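Below is one structure, written out as C-alpha cells; the observations come after it.
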C-alpha cells in the first residue's frame, strides 16, 4: 500500500476508485467497503484509495471538549488498511482552513484537482464541506460537473448487527474485548512503551511490564484483567495477561496498564510492546492482601494459558 500526504501531491497512474472517511478501527464494515472498491477497481483496471483526515476533525473543531477516543493510532490504521487490501491511503491535513471550505471548494480542491478519482463510492448519508453542508446528492451533481462518478454504498452488517466504530468503542469501554474482535474481525490492538513501575508483580512472582500509551486519543478497555497476545519489540508473539486499573489491593490510586508476558525473561525497559486483546478474565477487584492477590494472579495465568491454547498468534 502506498501512503500519500495530499499536500505533497499523489502519483497514481491508474484510474482511482475512492472512498472517504475516518475508517477508525478498520472494522468488518470498513473491510466490506474496501472489497466493494476493489471489485469496481478491477472492472475499470484501476486502484483503490481512501481519503482520510489527520488530525481527526473533532480535535480541530472542538479542541477543548472533543471527548474523542479512537480505536487506532495512525500507524495502526496504516497497517490494518494494508492488511485489508487497500492500494492507496491519502492523508489530508485537517485544519481550520479546510474546515471553512464550501462543499464546492472542497470537491474542487481535494477531489477534482487533487486526487482526480474516476469513481467515488460513499454512503448516501455522507456530509462534507463547511458545517457539513454538502450532501450525497450534491456530490453526485458535482461529480457530473468535474467528470467523476458517484456510487452509493449500502450499509454493511455483521451477524445482522450494523457495525460502526461507535458500537466497537462501546464494547471496548465495557471490556467486552472478545465481542470487539468479532466486530473488528481481528483482536483489538494496543502499543505502549515499557516504563519503570513499582515492581510489585516481581515480588509476587508475576513480573509485569508497565506500558505507557503515548497517544492521548487511544481508547483503553475497561478496568480489569485480560488475556492477551504480547510482542516485545524484535521478538515473536507470546501469551500474556494484562491488567488495567488502580491496583486497589496495593492501595494505589494511579491507573496503570501492566502486562505479564508468559515465558519472557529479558529486559524490555524502553522498548515498544504490542498487545492484542483476546478475552476478559475478570473485573478489577480488591483482595484482602498480597497472598490472596498472588493466588488470583496464578489462577489468571492458568486461565490465560488455557484460553490462548485454543487460539493462534495474531497475523498483524
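Could you tell me how many degrees, from 0 to 90 and to the nearest 10, lie between the Cα long axis of helix 74-83 and the main elongation axis, the longest principal axis, of the Cα atoms of the chain?
70 degrees
Treating the angle as unsigned and between 0 and 90°, give the value, to the nearest 10°, between the Cα long axis of helix 136-146 and the longest Cα principal axis of the chain.
For 136-146 against the chain, the angle is about 50 degrees.
Just how far, in whole angstrom, is segment 53-127 from segment 220-234 if you go by their alpha carbon centroids?
Cα centroid to Cα centroid, the span is 29 Å.
With the Cα gyration tensor of segment 2-162 giving a ≥ b ≥ c as the square roots of its eigenvalues, does the rule (a/c under 1.5 for rounded; else a/b larger than b/c for prolate; else oblate) give rounded, prolate or oblate?
Here segment 2-162 falls in the rounded category.
Checking the a/c ratio against 1.5 first, then a/b against b/c, what shape does the Cα gyration tensor give for segment 210-316?
oblate
To the nearest 10 degrees, how steep is helix 290-308 against the longest Cα principal axis of the chain, on a 0 to 90 scale?
The answer is roughly 50 degrees.
Which order do the peptides 257-268, 225-236 take when ranked by the mean count of other beta-carbon atoms within 10 Å per residue, highest first?
In descending order of packing, they fall as 225-236, 257-268.
Sorted by packing (mean other beta-carbon atoms within 10 Å per residue), highest first, where do 173-186, 123-136 land?
With the highest mean Cβ count within 10 Å placed first, the list reads 173-186, 123-136.
Output the antiparallel fraction of DSSP beta bridges having both residues in segment 2-162, as a percent to the nearest 5.
Antiparallel bridges: around 10 percent, rounded to the nearest 5.
Relative contact order of the chain, please, whole-number percent, based on alpha carbon pairs below 8 angstrom and at least 6 residues apart.
Taking the mean separation of contacting Cα pairs over the length of the chain, I get 16 percent.
Readers should treat all values here as calculations from the given coordinates under stated rules, not as data from a laboratory. This one's a predicted model, so the numbers in the text were calculated from it and none came from an experiment. Heads up, the Cβs are rebuilt from the backbone with ideal geometry, glycines too, and the neighbour counts pull from every protein chain shown.
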